[in-house]
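Just below is one structure, and these are the notes that go with it.
The values are calculated or read from the model by the stated rules, or taken from the named source; none is laboratory data. Please read these numbers as outputs of a predicted model, since none were measured by experiment. Reconstructed Cβ throughout: ideal geometry from the backbone, glycine too, with neighbour counts over all protein chains shown. Heavy atoms of the whole protein, side chains included, go into the accessibility calculation; ligands, DNA and RNA do not. Shrake-Rupley method; radii C 1.70, N 1.55, O 1.52, S 1.80 Å.
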Amino acid sequence: MRVVLGVAGGIAAYKACSVLRLLTEAGHEVTVVPTASALRFVGAPTWEALSGRPVSSEVWDDVPQVPHVRLGQRADLVLVAPATADLLARAAHGLADDLLTSTLLTARCPVVLAPAMHTEMWLHPATAANVETLRSRGVRVVEPASGRLTGADTGPGRLPEPEDIVAAALAAVRESGPDGGHPDDLAGRHVVVTAGGTREPLDPVRFLGNRSSGKQGYAVAAEAAARGARVSLVSANVSLAVPAGCDLLEVGTALELQERVGSVLEAGDVDAVVMAAAVADFRPAAYAEAKIKKGHGPDDEEAPTIELVRNPDVLADLVSARGDDHRPYLVGFAAETGDASGDVLSLARAKLQRKGCDLLVANEVGTDRTFGHDDTTVHLLKPGEDEVTTVGPATKAQVARVIWDHVAPVLG
Ligand code: CTP
């Protein structure tokens, strides 16, 4: 296999020597592409000696061979270890200002990035957003290990062990094999996925909203597209990169979401609707055209009472609008905290019955769980079946995969 091993400029660059050794010893042809800063940590002669191949970090070397295009195009795997915060940012934004970032743009093979940086840099929202963008484009970003960093400090940000990096990279190649790790069991299908959380405006500057990030819905949409479906992604207030192959339909409120889903259903033959969006059950009865102001008098203690009215239950309406052919297949989500009236599973069962959908995906939520997080545990419930499938703790992509594993075979 032809491997490009990118090395960015961090102290962990020395560990990339072991990654290189493991790859060459396994018989792979490895071209090392360090960044200019990586060469300040480990010099070109080391990479050349270990790989047995010339090393360059600039697009200006060996120009007749057009290396900035050729390397990426010919590679079977591009692995970057360590990937610094800077490299993640440049990759996420599609910069091509050196040989490594140009190679990342021209690669059509699996791309695996193994980040290493200080905990603060890894946890910074800018880095988190860059990782999110890269993952949404199919780049595999390995979780950094936790432990001792360069100095005496500890925390997440350590480069994983070379053996683990190589294992993750080879797994990415295996999964991208002939079926791409994704069966094409949704080819020819049209699915609608709702994602995010609706916002119900109160006045020009305020709304009633919820904490849904849209990550789970976007993962469901991405998985469906990867399995060959045409995907209409009805997205409510989500700021994530749109997964490849999805048609984005943006909405704000519950009523807009219902309208949008309805018009997609009217326009075409939809096989399944996955209602991953958190739809507000209530909206303010009145919208104030001007900002609601508080009184400024010395005795002004009054606060307005906001009257709410119910929003339609989009999912339940879809269930009751279905004809005898029982299409489209309807998937509901249940975000439950559990309460005095029951635990998450019993509340989910009651909700499945109430909604009448074909599959209910229930997860436990709370201020510190699930919303915006990458790992989640869900329970899949079907009407008339006592059996519950529990998935997790798993990534939202893994949950998405299991959902379609259940739905794809039963689409009529
Ligand atoms: N849903 C919907 N329309 C609404 C509220 C929810 O279509 N007005 C959908 C959601 O997209 C989700 C499912 O119904 O797929 C369950 O959402 P959830 O908020 O958990 O349930 P509710 O019906 O709102 O029930 P409750 O608030 O009583 O838990």
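The strands (runs of 3 or more DSSP E) found wholly in the range 171-238 and carrying at least 1 residues that are in contact with a strand residue (DSSP E or B) (Cβ under 8 Å, 6 or more places away or on another chain) and at positive phi occupy 190-196.
Checking Glu364 against (1) within 12 Å of the ligand (Cβ to nearest atom); (2) surrounded by 12 or more Cβ atoms within 10 Å (Cβ to Cβ); (3) modelled with pLDDT of 85 or more; (4) of a type outside the set (Ser, Thr, Tyr), which single condition isn't satisfied? Of everything listed in (1) within 12 Å of the ligand (Cβ to nearest atom); (2) surrounded by 12 or more Cβ atoms within 10 Å (Cβ to Cβ); (3) modelled with pLDDT of 85 or more; (4) of a type outside the set (Ser, Thr, Tyr), Glu364 misses just condition (3). Residues of the range 139-159 that are open to solvent by less than 60 Å² (accessible area, probe 1.4 Å), under 19 Å from Asp375 (Cα atoms) and not in a strand (DSSP E or B): Val139, Val142, Pro144.
Residue by residue through the range 248-259, note down the ones that are open to solvent by 60 Å² or more (accessible area, probe 1.4 Å) and either in contact (Cβ under 8 Å) with a residue 60 or more places away in the chain or within 14 Å of the ligand (Cβ to nearest atom) (or both). Break it down into steps so the answer makes sense when it comes.
Within the range 248-259, the first condition is being open to solvent by 60 Å² or more (accessible area, probe 1.4 Å), and the residues that meet it are 248, 250, 255-256, 259.
Across the range 248-259, the qualifying residues are Leu255, Glu256, Glu259.
Identify the residue in the range 270-316 that is small (Gly, Ala, Ser) and under 34 Å from the mean Cα position of the chain (by Cα) and, among all such residues, is farthest from the ligand (Cβ to nearest atom). I'd like the intermediate steps shown before the answer.
Filtering the range 270-316 down to residues small (Gly, Ala, Ser) leaves 272, 276-278, 280, 285-286, 288, 290, 295, 297, 303, 316.
Next, from what is left, pick out any that are under 34 Å from the mean Cα position of the chain (by Cα): 272, 276-278, 280, 316.
On the way: Ala272: 13, Ala276: 7, Ala277: 5, Ala278: 6, Ala280: 7, Ala316: 7 Å.
Only one residue tops the list, namely Ala272.
In the range 296-306, the condition of being within 15 Å of Glu200 (Cβ to Cβ) and open to solvent by 60 Å² or more (accessible area, probe 1.4 Å) is met by at least one residue. Applying the condition of being part of a helix (DSSP H, G or I), more than 13 Å from Leu380 (Cα to Cα) and of a type in the set (A, V, I, L, M, F, W, C) to the range 315-346 and asking which residue is most open to solvent (accessible area, probe 1.4 Å) yields Ala321.
Per-residue answers, yes or no, for (1) buried (at least 22 other Cβ atoms within 10 Å of the Cβ); (2) at pLDDT 95 or above:
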{"position": "Ala172", "(1), (2)": "no, no"}
{"position": "Val191", "(1), (2)": "yes, yes"}
{"position": "Asp203", "(1), (2)": "no, yes"}
{"position": "Glu223", "(1), (2)": "yes, no"}
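Residues in the range 112-129 that are in a loop (DSSP other than H, G, I, E, B) and among the hydrophobic types (A, V, I, L, M, F, W, C): Ala116, Met117.
Of these, Gly262, Gly245, Gly217, which one is small (Gly, Ala, Ser) and away from the ligand (no atom under 13 Å from the Cβ)? Spell out the reasoning first.
Working: Gly262 fails: away from the ligand (no atom under 13 Å from the Cβ); Gly217 fails: away from the ligand (no atom under 13 Å from the Cβ).
Result of the check over Gly262, Gly245, Gly217: Gly245.
For the range 205-221, the candidate set comprises residues that are touching a residue at least 24 places away in the same chain (Cβ under 8 Å) and more than 22 Å from the chain's Cα centre (by Cα); within that set, the residue that is surrounded by the most Cβ atoms within 10 Å (Cβ to Cβ) is Leu208. Tell me, please, whether a residue that is open to solvent by less than 20 Å² (accessible area, probe 1.4 Å) and under 28 Å from His28 (Cα atoms) can be found in the range 118-130. No, the range 118-130 contains no residue that is open to solvent by less than 20 Å² (accessible area, probe 1.4 Å) and under 28 Å from His28 (Cα atoms).
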